[in-house]
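These notes are about the structure you will find just below.
The values are calculated or read from the model by the stated rules, or taken from the named source; none is laboratory data. Predicted, not measured: the structure shown is a model, and the values here were computed from it. FYI the Cβ positions are ideal-geometry reconstructions off the backbone, even for glycines, and counts take in every protein chain you see. Remember, those area values only see protein heavy atoms, side chains included, never the ligands or the DNA or RNA. Shrake-Rupley method; radii C 1.70, N 1.55, O 1.52, S 1.80 Å.
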Amino acid sequence: MSRVLRKELLEKHDKWVEMGNSVPVNFIEGVGKFCIITNGISYVHVSDALNDLGVKDRVALLRPGLTYPFPAQLVADFMRDKEKILVVEEIEP
């Protein structure tokens, strides 16, 4: 029984991975060769900082709203033409 369920789980996981790359909660703001990838409260802090510095329109910002399964194809496509990439994550609970 567990082998059957495991197979079903893996099939569902593959569908979730495909879905994870295209759900509307993942979004990109701004354009530029410098990019930032962040989500959660870190996104709010980064967005505020970019606004305060007046560079929000010159920095590409990716916010993956769905992080599991990780939207690997979306992130790879986003990073493809970028010169510098900064990942900002929350380190405190």
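Sum up the lysine pairs in the chain that clear both bars: alpha-carbon distance under 19 Å and a spacing of 8 or more or different chains. Spell out each step's value before the answer.
Working: LYS7/LYS15; LYS33/LYS56; LYS33/LYS82; LYS33/LYS84; LYS56/LYS82; LYS56/LYS84.
Taking the chain as the scope, the lysine pair count is 6.
Gain in length, TRP16 to ASP57, computed as 0.36 nm per residue apart minus the alpha-carbon separation, to one decimal in nm?
Working: separation 41, 0.36 × 41 = 14.76 nm, distance 3.16 nm.
Result for the pair: 11.6 nm of gain on full extension.
Averaged per residue, what accessible area in Å² does the chain show with a 1.4 Å probe, protein chains only? Mind showing how you got there, number by number?
Numbers: 6740 Å² over 93 residues.
Accessible area per residue, the chain: 72 Å².
For the range 76-93 and the range 41-67, what is the separation of their Cα centres, given in Å?
Centre-to-centre distance over Cα atoms comes out at 11 Å.
Rounding to the nearest 10 and keeping the result within 0 to 90°, find how far the Cα-based axis of helix 2-20 lies from the longest principal axis of the chain.
Once rounded, the angle reads 30 degrees.
Tell me, what does the Kirkwood hydrodynamic radius of the chain come to in angstroms if you use every pair of distinct C-alpha atoms? Mind dumping the intermediate values first?
Details: mean 1/r = 0.0686 Å⁻¹.
Its Kirkwood hydrodynamic radius stands at 14.6 Å.
Do any GluC sites (Glu not before Pro) in the chain lie in a loop, going by DSSP, with at most 16 other beta-carbon atoms within 10 Å of their beta carbon, and if so which?
Here the sparse-neighbourhood loop sites are GLU83, GLU89, GLU90.
Counting only helical runs of four or more DSSP H residues, what would the 222 nm mean residue ellipticity of the chain come to if each run contributes -39,500 (n - 2.57) and the total is spread over all its residues?
Details: 3 runs with 41 residues, N = 93.
Value at 222 nm, helices only, nearest 500: -14000 deg cm²/dmol.
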